[in-house]
Amino acid sequence: MVHPYPPHHDHLPHVGKYHYSLMFCTHDRHSVFVDAKRVELALAQFLRAAGERKFDITAYCFMPDHVHLIVSGLNDDSDAKLFIGRAKQYSGFYFKREYGVPLWERYGFEHFIRDEMELALTIRYVIANPVRAGLVIHPSEYPYLGSSRYSLEELLEICEYSTMVE
């Protein structure tokens, strides 16, 4: 029996200088990202895939049982589907080699970001995750968020983050 893969929306662009919001859940929603070594392992492989596929990781937030990424294509041939595949493949391979267990659920979430306002709102949503989860009072206190493009201060400025969380 053929497994029905969730469809990609062909009317949305997957190749080019676009922004995407991604979320990957850990296998069986286990709390994996609870120490720096595990986060650094996955992040290094995300950065590897981003370099190969010509993406910036505009923002990331590793929660205990999932990760949020906002990625931005740098070239006309930056392919989001290929980036997603490589990012999960590389990080999953090295994680399993190090810890002996699978890292990711099979499917993830992807969202095409349509404009700069939506980008700022999505960055705000991503970096506020640890606050909403009650892990910290302010995003600057959370060790597992950042960007390959911006400092944390710049991310907070882009989305006009204050101590008020909606």
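The values are calculated or read from the model by the stated rules, or taken from the named source; none is laboratory data. Keep in mind the model is a prediction, meaning the values are calculated, not measured. So basically every Cβ, Gly included, is an ideal-geometry build from the backbone, and we count neighbours across all protein chains shown. In case anyone asks, the SASA skips ligands and DNA or RNA and just uses the protein heavy atoms, side chains included. Shrake-Rupley method; radii C 1.70, N 1.55, O 1.52, S 1.80 Å.
Structure notes:
- From the options Phe83, Phe62, Phe95, residue that is among the hydrophobic types (A, V, I, L, M, F, W, C) and over 12 Å from the mean Cα position of the chain (by Cα): Phe95
- Screening Arg124 with (1) in a helix (DSSP H, G or I); (2) open to solvent by 60 Å² or more (accessible area, probe 1.4 Å); (3) at pLDDT below 95 gives one miss only, at (2).
- Candidate set from the stretch 79-105 (those that are surrounded by fewer than 22 Cβ atoms within 10 Å (Cβ to Cβ) and in contact with a Ser or Thr (Cβ under 8 Å, 6 or more places away or on another chain)); member that is modelled with the lowest pLDDT: Glu105
- Candidates Glu116, Glu154, Glu110, filtered to the one that is modelled with pLDDT under 95, over 23 Å from Arg53 (Cα atoms) and either in contact with a helix residue (DSSP H, G or I) (Cβ under 9 Å, 6 or more places away or on another chain) or open to solvent by 70 Å² or more (accessible area, probe 1.4 Å) (or both): Glu154
- Residue list for the stretch 137-146, restricted to those being over 20 Å from Lys37 (Cβ atoms) and part of a loop (DSSP other than H, G, I, E, B): Ile137, His138
- Single match in Asp35, Asp65, Asp77 (criterion: more than 12 Å from Ser21 (Cα to Cα) and free of Cβ contacts under 8 Å to residues at least 24 places away in the same chain): Asp35
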